[in-house]
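To keep things clear, I will list the structure first and then write my remarks on it.
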Amino acid sequence: DTLAVVSRAIDGWQQTSGRFDIATLPALIASGYTHSTVDDIAAPLVPGTRSGGSALVRVDYVASTLTVPEGGAIDLGGIGKGFAADVVAEELIEAGVTGALVNLGGDISVLGRPGDQPVWVLGIENPHDAPNHVAVFRLETGGVATSGTTVRRWVKPDGTKAHHVIDPSTLHPSASGVTTATVIASDAATAEVFATAAMMLSGHDAIALLDGVRLAGLVVTDDGTVHRTTTLKNFEV
């Protein structure tokens with residue numbers, strides 16, 4: 001499973017032109033993210049270097065090894081929950097259940113039927129007006145993931161605020177103006193990859209990215225504007 005999720009992450013790096021990159025962990029630690037946080041807290045800066053990106057990560061199924069460059073490290077936070085949700089949902093169906101919804105930290109994988117209902121009905125929370133929703137949609141099967149800057153935030157020693165979504169192009173927390181990006185895909189791992197990638201772009205460009213790969217999604221910017229893909233209307237209630 002470890003080799004499979006890392007291999008899938010490398011594919012995601014290629015599919016998003018490097019906007020999704022698991023090799024940014026050193027930069028994340030250097031920015032002050034030393035432990036999981038929910039509220040604003042003070043976090044010390046620690047030394048960190050970039051390993052060279054996902055292009056230098058190697059997966060060898062024959063030898064059953066995973067290799068990163070010296071001084072490098074990988075962060076599966078942008079794909080691990082979705083990948084695990086997909087695995088659990090598939091195992092539940094294989095075990096004989098007629099329908100499964102697996103939610104791991106907000107990343108959702110659904111398979112089969114929800115009891116007597118024809119489809120699953122899910123909501124996308126408004127990051128500026130929780131717990132209200134910005135959209136409610138129907139999904140027969142697939143995955144949903146949201147990436148955002150509203151949690152896992154901290155204050156740097158200089159007083160500036162930071163968050164855990166690192167932009168691979170700058171090696172600093174993303175400053176695209178996007179608060180949350182939600183993606184609907186055939187599986188939760190794919191949804192996570194593109195939700196993370198969308199966080200690196202402006203609202204309009206993030207939607208263009210998702211439309212370009214024919215994924216449904218929704219982006220909420222820091223000023224509260226909601227951007228939808230052209231395909232999301234096919235899912236909305």
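The values are calculated or read from the model by the stated rules, or taken from the named source; none is laboratory data. Computed from a prediction, not measured in an experiment: that's the story for all the values here. Glycine gets a Cβ as well: all are built from the backbone with ideal geometry, and neighbour counts include every protein chain shown. The accessibility values were calculated without ligands, DNA or RNA, using every heavy atom of the protein model including side chains. Shrake-Rupley method; radii C 1.70, N 1.55, O 1.52, S 1.80 Å.
Laid out as a table, the results:
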{"read-out": "Selection within segment 168-178 - open to solvent by 20 Å² or more (accessible area, probe 1.4 Å), under 21 Å from residue 220 (Cβ atoms) and of a type in the set (S, T, N, Q)", "value": "176"}
{"read-out": "Tabulated pairs, segment 6-25, first on the phi > 0 side of the Ramachandran plot and open to solvent by less than 30 Å² (accessible area, probe 1.4 Å), second of a type outside the set (S, T, N, Q) and assigned to a loop (DSSP other than H, G, I, E, B), C-beta under 7 angstrom, 6+ apart or interchain", "value": "18/53; 18/168"}
{"read-out": "Residue that is farthest from residue 31 (Cα to Cα) [pool: residues in segment 164-196 that are in a helix (DSSP H, G or I) and of a type in the set (A, V, I, L, M, F, W, C)]", "value": "188"}
{"read-out": "Only listed residue being closer than 20 Å to residue 76 by Cβ, open to solvent by less than 20 Å² (accessible area, probe 1.4 Å), modelled with pLDDT of 95 or more and within 18 Å of the chain's Cα centre (by Cα), chosen from 165, 193", "value": "193"}
{"read-out": "Hits in segment 196-223 - residues which are open to solvent by 40 Å² or more (accessible area, probe 1.4 Å) and not hydrophobic (A, V, I, L, M, F, W, C)", "value": "202, 204, 205, 211, 212, 214, 222, 223"}
{"read-out": "Residue list for segment 111-151, restricted to those being touching an Asp or Glu at 6+ places or on another chain (Cβ under 7 Å) and free of Cβ contacts under 8 Å to residues at least 12 places away in the same chain", "value": "131, 133"}
{"read-out": "Qualifying strands (runs of 3 or more DSSP E) (wholly inside segment 45-154; at least 2 residues being touching a strand residue (DSSP E or B) at 6+ places or on another chain (Cβ under 9 Å) and surrounded by fewer than 18 Cβ atoms within 10 Å (Cβ to Cβ))", "value": "58-60, 65-67, 99-104, 120-125, 133-139"}
